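What follows is a short report on a single structure.
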Amino acid sequence: MKALAPDFYERPVLEVARALIGCMLEHDGCAGVIVETEAYHESEPACHAFIGITARTQTLFGPAGRAYVYRSYGIHALFNAVCEPAGIGAAVLIRALEPIAGLELMRRRRGRLGGRVASDYELCSGPGKLTQALGISLQHNGEDLGRGAVRLGVAPGQPAAARVIAGPRIGITHAVELPWRFCAAGSRYVSRPRPPWPPA
DNA sequence: CATGGGATTGACT
DNA sequence: GTCAATCCCATGC
């Protein structure tokens, strides 16, 4: 896999969120193609960077191309790629993957669901699910995505970018009107609710 | 120092 | 559809 160059991330976060659809995320023997993302920017209140630089958000304001990992609802680790030049707080949340490699390891990490073995579609179809499946945790916060344990890149022979559709973000209470969620059109590996939106 | 909310998930009705 | 689990951190006293 070829790592994405730092300047890939050093762009408007909406561009990066779209461009990451079809790219590959990889960690510790597991990998998947990104099929769903969301953009967050300091200018809007749903973004953690909205409140300014704190101990929690300093990664978001740091250089582009690093990981921003934080705990959600006390339970789940959510993985983001920091974007835009240093000093601007922005990131892309990776929400779902199509599993490509290490599926058995993913299944082991995800555990049994109600005594049942997880299907391929359930392995990475959510931001908390994919970090669990890949073994990504808070300790990866701040890592360089080109050189660290968690890598983001382009797979060899990666097919042409899928058609991307845009809609409202999930699970937030502020700025719900912004259509900053992006999905690979027609993919069965995206999270719920599945996108009913028209092509963008 | 105490408190409350959150970019979620899975189990249960 | 509803609800609890569980922890980091921002905020306020």
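The values are calculated or read from the model by the stated rules, or taken from the named source; none is laboratory data. None of these values were measured; they are calculated from a predicted model. When we count neighbours, we look across all protein chains shown, and the Cβ atoms used for this are built from the backbone with ideal geometry, even at glycine.
If I filter region A:12-20 for residues that are part of a loop (DSSP other than H, G, I, E, B) and over 17 Å from the mean Cα position of the chain (by Cα), do I get at least one hit? Give the derivation first.
Keep residues of region A:12-20 that are part of a loop (DSSP other than H, G, I, E, B), which gives A:12, A:20.
Then keep just the ones that are over 17 Å from the mean Cα position of the chain (by Cα); that gives none.
Checked region A:12-20: no residue is part of a loop (DSSP other than H, G, I, E, B) and over 17 Å from the mean Cα position of the chain (by Cα).
In region A:27-48, what residues are small (Gly, Ala, Ser), more than 26 Å from A:Pro196 (Cβ to Cβ) and assigned to a strand (DSSP E or B)?
Start the filter on region A:27-48 by keeping residues that are small (Gly, Ala, Ser), which leaves A:29, A:31-32, A:39, A:43, A:46.
Going one step further and asking which of them are more than 26 Å from A:Pro196 (Cβ to Cβ), we end up with A:29, A:31, A:43.
Across region A:27-48, the qualifying residue is only A:Ala31.
Name the residues in region A:47-65 that are crowded, with 22+ Cβ neighbours inside 10 Å and away from DNA strand B (no atom under 13 Å from the Cβ), would you?
Across region A:47-65, the qualifying residues are A:Ala64, A:Gly65.
Could you check A:Ile53 against (1) at pLDDT below 95; (2) touching a helix residue (DSSP H, G or I) at 6+ places or on another chain (Cβ under 7 Å) and say which number it fails?
(1)
Which members of region A:101-135 meet the condition of being more than 16 Å from A:Val33 (Cβ to Cβ) and assigned to a loop (DSSP other than H, G, I, E, B)?
Residues satisfying the conditions are A:Gly111, A:Arg112, A:Gly114, A:Gly115, A:Val117, A:Ala118, A:Ser119, A:Gly135.
Can A:Thr37 be described as touching a helix residue (DSSP H, G or I) at 6+ places or on another chain (Cβ under 9 Å) and either surrounded by fewer than 17 Cβ atoms within 10 Å (Cβ to Cβ) or over 19 Å from A:Leu130 (Cβ atoms) (or both)? Reasoning before the result, please.
On the way: touching a helix residue (DSSP H, G or I) at 6+ places or on another chain (Cβ under 9 Å): yes; either surrounded by fewer than 17 Cβ atoms within 10 Å (Cβ to Cβ) or over 19 Å from A:Leu130 (Cβ atoms) (or both): no.
Criteria not met by A:Thr37.
Which numbered condition trips up A:Cys124, out of (1) touching a Pro at 6+ places or on another chain (Cβ under 9 Å); (2) farther than 13 Å from A:Phe79 by Cα?
Every listed condition holds for A:Cys124 apart from (2).
From A:Ala96, A:Ala64, which residue is more than 20 Å from A:Gly148 (Cβ to Cβ) and among the aliphatic types (A, V, I, L, M)?
Values: A:Ala64 fails: more than 20 Å from A:Gly148 (Cβ to Cβ).
Answer to the check: A:Ala96.
Could you tell me which residue of region A:44-103 is farthest from DNA strand C (Cβ to nearest atom), considering only residues that are under 28 Å from A:Glu122 (Cβ atoms) and polar (S, T, N, Q)? Before the answer, list the steps.
First pass over region A:44-103, keeping only residues under 28 Å from A:Glu122 (Cβ atoms): A:46, A:48, A:67-81, A:91-103.
Restricting the remaining residues to those that are polar (S, T, N, Q) gives A:72, A:80.
Working: A:Ser72: 8, A:Asn80: 14 Å.
By that ranking, first place goes to A:Asn80.
With the structure loaded, tell me whether A:Thr54 is of a type in the set (S, T, N, Q) and in contact (Cβ under 8 Å) with a residue 24 or more places away in the chain or whether it fails that test.
On the way: of a type in the set (S, T, N, Q): yes; in contact (Cβ under 8 Å) with a residue 24 or more places away in the chain: no.
No; evaluated as a whole, the condition is false for this residue.
So which of A:Gly157, A:Gly87 is surrounded by fewer than 21 Cβ atoms within 10 Å (Cβ to Cβ) and either in a strand (DSSP E or B) or at pLDDT 95 or above (or both)?
On the way: A:Gly157 fails: either in a strand (DSSP E or B) or at pLDDT 95 or above (or both).
One residue alone meets the criteria, A:Gly87.
Can you tell me which residue among A:Arg108, A:Arg112, A:Arg116 is over 15 Å from the mean Cα position of the chain (by Cα), more than 8 Å from DNA strand B (Cβ to nearest atom) and without any contact (Cβ under 8 Å) to a residue 12 or more places away in the chain?
Working: A:Arg112 fails: more than 8 Å from DNA strand B (Cβ to nearest atom); A:Arg116 fails: more than 8 Å from DNA strand B (Cβ to nearest atom).
That would be A:Arg108, the only listed residue that is over 15 Å from the mean Cα position of the chain (by Cα), more than 8 Å from DNA strand B (Cβ to nearest atom) and without any contact (Cβ under 8 Å) to a residue 12 or more places away in the chain.
Kindly indicate whether A:Glu143 is of a type in the set (D, E, K, R), in contact with a strand residue (DSSP E or B) (Cβ under 6 Å, 6 or more places away or on another chain), within 16 Å of DNA strand C (Cβ to nearest atom) and within 29 Å of A:Thr59 (Cβ to Cβ).
On the way: of a type in the set (D, E, K, R): yes; in contact with a strand residue (DSSP E or B) (Cβ under 6 Å, 6 or more places away or on another chain): yes; within 16 Å of DNA strand C (Cβ to nearest atom): yes; within 29 Å of A:Thr59 (Cβ to Cβ): yes.
Yes.
For the subset of region A:160-183 comprising residues that are of a type outside the set (A, V, I, L, M, F, W, C) and either surrounded by 18 or more Cβ atoms within 10 Å (Cβ to Cβ) or in contact with a Phe, Trp or Tyr (Cβ under 6 Å, 6 or more places away or on another chain) (or both), which member is nearest to A:Gly32 (Cα to Cα)? Break it down stepwise before answering.
First pass over region A:160-183, keeping only residues of a type outside the set (A, V, I, L, M, F, W, C): A:163, A:167-169, A:171, A:173-174, A:177, A:179, A:181.
Now drop any that are not either surrounded by 18 or more Cβ atoms within 10 Å (Cβ to Cβ) or in contact with a Phe, Trp or Tyr (Cβ under 6 Å, 6 or more places away or on another chain) (or both), which leaves A:167, A:169, A:181.
Details: A:Gly167: 22, A:Arg169: 22, A:Arg181: 19 Å.
Result: A:Arg181.
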